[in-house]
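Asks: Before anything else, here's the structure in question.
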Amino acid sequence: MKSNTTVIIPCYNDGKYIVEALNSIRNQTLKAEKIIIIDDGSDNETKTILKNIKAENVEVIFQENKGVCVARNIGVDLAKTDYILNLDADDYFEPTFLEKAVNVLNNNSHIGVVGCYYKILNNDRLNLNIVKPIGGTVKNLLANNNAMNCSLYRKICWSKVSGYDENMKDGYEDWDFWMSILKHNWDMHILKEPLFVYRIKKNSRDIVAFKEHHMKLKLYLFEKHKQVYLDNFESYFNQVTYINYKLKLKNLESTNTKASKIGNTILAPLKFLKMKINTFK
């Protein structure tokens with residue numbers, strides 16, 4: 001079985017990780033037809049590493065820094081295959097992802113995107129907890145991005161929505177991309193296995209997007225997909241209510257824990273004194 005897949009890997013100053021990401025694709029049980037790495041104006045160290053990559057079916061393209069959306073669009077536009085797989089330069093896939101994801105697209109014409117469960121790598125330590133995105137229909141992505149950026153999708157989906165929105169330079173472009181696809185009645189299938197590893201870095205783009213641009217980006221999403229939100233208002237309301245409940249519950253638990261710690265700190269001298277008194281009895 002041919003994969004009929006091109007892998008697109010934007011790279012910006014990720015020379016430290018790009019080879020690991022690339023090897024995770026080259027070691028797939030089902031091989032990609034092509035791997036395109038787009039260097040988005042990286043530093044000289046990363047450029048040197050990229051220039052030394054000499055592998056079959058791997059093409060490296062260098063451009064000035066224009067942002068990840070432009071890089072992805074350039075790569076997908078060059079692809080000659082029906083399927084596209086996203087991969088960020090600091091993440092990696094487990095060996096069977098592509099084979100299992102391609103099989104889903106080959107046998108389910110209503111599915112436009114295939115993702116999977118994943119694990120998080122933080123400070124070079126792999127968290128054993130498994131993150132389980134929901135996928136499904138566009139209704140599941142209204143309040144949260146219940147998907148993962150590095151997924152397999154049909155190139156026709158990319159064409160249908162005119163690619164990644166290059167206005168979203170500050171983040172959440174993948175969330176917008178999936179919503180744009182799914183609102184055209186495509187479904188997103190999630191493989192219920194942790195076949196991907198997402199790396200968190202100190203100044204990762206996702207963290208910066210949340211800390212500095214979250215409200216602006218959410219409002220942009222709402223305005224762009226307003227009809228979807230209006231058509232699915234009840235589902236959106238339920239999701240927001242649930243998220244708010246979980247956040248308040250977490251804050252309450254945190255407050256109780258802090259109060260308990262403060263109480264223990266205050267009582268510590270008394271407990272120590274009582275222990276001493278008991279010792280002399």
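Asks: Please list, or write none, the aspartates and glutamates whose alpha carbon is within less than 12 Å of the alpha carbon of Lys139, excluding same-chain residues fewer than 8 places away.
Replies: Cα-Cα hits under 12 Å: Asp187, Asp231, Glu234.
Asks: Sort 53-60, 168-175, 27-34, 69-76 by the packing proxy (mean of other Cβ within 10 Å over each peptide's residues), most packed first.
Replies: On the way: 53-60: 13.5, 168-175: 19.8, 27-34: 16.9, 69-76: 21.4.
For the peptides 53-60, 168-175, 27-34, 69-76, the packing ranking is 69-76, 168-175, 27-34, 53-60.
Asks: Counting Lys and Arg as +1 and Asp and Glu as -1, what is the net charge of the other residues whose Cβ lies under 13 Å from the Cβ of Lys80? Walk me through the numbers on the way to the answer.
Replies: Details: positive: Lys2, Lys34, Lys155; negative: Glu33, Glu59, Asp77, Asp82.
Local net charge: -1.
Asks: What does the helix-only formula give at 222 nm for the chain: each DSSP H stretch with n ≥ 4 adding -39500 (n - 2.57), the total divided by the residues, and the result rounded to the nearest 500 deg cm²/dmol?
Replies: Values: 9 runs with 129 residues, N = 281.
After summing the helix terms and dividing by the residues of the chain, the value is -15000 deg cm²/dmol.
Asks: If you wrap a convex hull around the C-alpha atoms of the chain and split its volume per residue, what is the figure in Å³?
Replies: Details: hull volume 50.6 nm³, N = 281.
Each residue corresponds to 180 Å³ of Cα convex hull volume.
Asks: If you add up the charges near Gly135, with Lys and Arg at +1 and Asp and Glu at -1, over every other residue whose beta carbon is less than 12 angstrom from its beta carbon, what do you get? Could you put the intermediate results ahead of the total?
Replies: Values: positive: Lys132, Lys139, Lys192; negative: Asp187.
It works out to a net charge of +2.
Asks: Another question, then. Please give, to one decimal in nm, the separation of the simple spin-label points placed at Asn238 and Ser109, each 7 Å out from Cα toward the Cβ.
Replies: Spacing of the two 7 Å Cα→Cβ label points: 3.0 nm.
Asks: Continuing with this model, one more query. State the number of lysine pairs found in segment 1-92 whose Cα atoms come within less than 19 Å, restricting to pairs 8 or more positions apart or on distinct chains.
Replies: Total qualifying Lys-Lys pairs in segment 1-92 comes to 12.
Asks: Okay, next question. Pairs to check: Lys183/Lys246; Lys155/Lys250; Lys100/Lys218. Give those whose C-alpha atoms are more than 31 Å from each other in this structure.
Replies: On the way: Lys183/Lys246 27 Å; Lys155/Lys250 40 Å; Lys100/Lys218 33 Å.
The pairs that break the limit, which is 31 Å between Cα atoms, are Lys155/Lys250; Lys100/Lys218.
Asks: What net charge do the residues around Ala55 carry, taking every other residue with its C-beta under 14 Å from that of Ala55, with Lys and Arg at +1 and Asp and Glu at -1?
Replies: Details: positive: Arg26, Lys31, Lys34, Lys51, Lys54; negative: Glu20, Glu33, Glu56, Glu59.
Net charge in that neighbourhood comes out at +1.
Asks: Another one. With just the Cα atoms defining each centre, how far is segment 7-64 from segment 198-224? Give it in Å.
Replies: 25 Å
Asks: Taking the Cα centre of the chain as the origin, how large is its charge dipole in debye, to the nearest 20, when only Lys and Arg (+1) and Asp and Glu (-1) carry charge on their Cβ atoms? Intermediate values should be presented prior to the final figure.
Replies: Numbers: 40 positive and 32 negative charges, 332 e Å.
Roughly 1600 debye, rounded to the nearest 20.
Asks: Treating the angle as unsigned and between 0 and 90°, give the value, to the nearest 10°, between the Cα long axis of helix 173-182 and the longest Cα principal axis of the chain.
Replies: 70 degrees
Asks: Which peptide among 6-14, 195-203, 222-230, 136-144 comes first, and what is the full order, when sorted by highest mean count of other Cβ atoms within 10 Å?
Replies: Details: 6-14: 24.1, 195-203: 15.9, 222-230: 13.9, 136-144: 19.1.
For the peptides 6-14, 195-203, 222-230, 136-144, the packing ranking is 6-14, 136-144, 195-203, 222-230.
Asks: Shifting gears a bit: Would you please classify the overall shape of segment 86-126 from the alpha carbon gyration tensor, given that a ≥ b ≥ c denote the square roots of the eigenvalues, rounded means a/c under 1.5, and beyond that prolate means a/b larger than b/c while oblate covers the rest?
Replies: On the way: a/c = 2.88, a/b = 2.67, b/c = 1.08.
It is prolate, given that a/c is not under 1.5 and a/b is the larger ratio.
Asks: Taking the 0 to 90 degree range and rounding to the nearest ten, how far is the long axis of helix 97-107 tilted relative to the main principal axis of the chain, both from C-alpha atoms?
Replies: 60 degrees
Asks: Moving on to the next point. Under a crude label model (7 Å from the Cα following the beta-carbon direction), how far is Lys211 from Asn167 in nanometres?
Replies: In this crude spin-label approximation the distance works out to 2.7 nm.
Read-outs: derived from the displayed coordinates by stated rules, not from any lab. No experiment lies behind these values; they were computed from the predicted model shown. Note that we place each Cβ from the backbone using ideal geometry, even for glycine, and neighbour counts take in every protein chain shown.
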